[in-house]
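Before any comments, here is the structure.
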Amino acid sequence: MPKRGTSSDHREERIAPRDMDWDAMEQAETVLDRMPSVLPTGSVALLAREVIARLAERPVAAQMSNEMTPLAASLIGADDGAPLRLVMRLLAGGVAVETVYLTHLAGAARELGHLWEQDLVPSAQVTIAAGRIYMIMRGLGAHLAPVELPRGRHAIFAAVPGEKHTLGISMAADLFRKEGWLIDLKIGMSHDELIEEVLRTEASLMGLSASSKTVLPELIRLIASVRMSLPHIRILVSGSIVSQEPDLKRICDADAVASDFETARTALQDMWDALGGPTRRILQ
């Protein structure tokens with residue numbers, strides 16, 4: 001992860017509401033709508049806590065006050081559209097996207113996490129708030145990418161935590177390396193260990209392997225956590241789970257899925273090419 005520099009090291013990128021990634025937000029909404037029917041009882045609340053915690057870890061410029069900020073209040077309010085309208089108002093007013101991410105959203109997540117820990121806000125409300133945060137972050141993600149990509153094509157490949165079959169992802173890593181890719185292969189790691197590795201390697205592309213629908217809850221949790229930590233990342237899911245779940249891409253919020261090497265190669269190259277356009281720095 002790049003070290004945080006001075007303000008002169010970064011360019012403040014301002015985006016208009018039209019520049020939000022509405023397709024990503026729509027896919028995130030689909031994931032959230034289907035989640036209760038896909039995940040076991042209790043897993044939805046666990047995922048919500050993960051989203052809040054990951055975002056709350058970000059450095060926050062504003063200090064917490066005794067009163068809840070308008071954004072935090074809107075996130076647990078009855079109006080589904082209120083948080084997005086507040087964010088859009090900030091962006092339309094010229095607030096830098098990094099400030100929206102690092103100060104407003106991260107600050108609200110920290111407030112809500114604190115209230116949750118103190119049992120001052122019902123779990124159901126924070127679960128709703130986490131979903132709203134996730135959707136907004138998916139919309140902002142493309143504007144939080146590094147200024148420069150690493151030299152050469154680079155990706156991190158990993159087996160989903162709990163996955164026992166790792167031969168396929170190991171073979172895929174070897175094949176991609178033979179074609180000139182720099183592949184960081186991560187196998188046998190816990191959820192938290194894998195998140196730390198993703199951050200350490202500064203990945204912009206990630207390939208995840210899963211062989212069965214039994215690890216679907218962990219796959220969904222992992223993708224959500226990675227996106228909260230690195231909003232710009234592009235994610236490919238491969239393995240036997242792709243043929244077992246035809247709608248996997250929408251269920252787990254992946255950018256692409258592939259059941260064979262040729263499809264994976266094309267998808268990963270397309271995602272790398274897409275990252276080659278105008279990019280923006282994420283503040284650490």
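Read-outs throughout are calculated quantities, based only on the coordinates presented, and are distinct from any laboratory measurement. For clarity, every value in this text was computed on a predicted model and none was experimentally measured. Every residue, glycine among them, receives a Cβ derived from its backbone with ideal geometry; neighbour counts consider all protein chains shown.
Please find the FRET efficiency linking Leu167 to Lys213, where r is the Cβ-Cβ separation and R0 is fixed at 22 Å, and quote it to the nearest 0.05. Don't skip to the answer; put the middle values down first.
Numbers: r = 19 Å, r/R0 = 0.86.
After rounding, the FRET efficiency stands at 0.70.
List the aspartates and glutamates whose alpha-carbon lies under 16 Å from that of Lys164, not counting same-chain residues fewer than 8 positions away?
Glu218
I'd like the distance separating the alpha-carbon centroids of region 189-224 and region 28-45, in whole Å.
18 Å
Around Phe157, which amide H atoms from residues at least 5 apart in sequence, or from another chain, sit under 5 Å from its own amide H, with H modelled in the peptide plane?
Answer set, sorted by chain and number: Asp184, Leu185, Lys186, Gly207.
R0 = 30 Å: FRET efficiency of Asp247 with Asp184, Cβ-based, nearest 0.05?
Working: r = 29 Å, r/R0 = 0.97.
With a Förster radius of 30 Å, E is 0.55.
With label points built 7 Å along Cα→Cβ from the Cα atoms of Asp33 and Glu202, find their separation and express it in nm.
Here the modelled spin labels are 3.9 nm apart.
Grab the Cα-Cα distance for Glu57 and Leu175, subtract it from 0.36 nm times how many residues apart they are, and report the gain in nm with one decimal.
Details: separation 118, 0.36 × 118 = 42.48 nm, distance 3.61 nm.
Length gained, Glu57 through Leu175: 38.9 nm.
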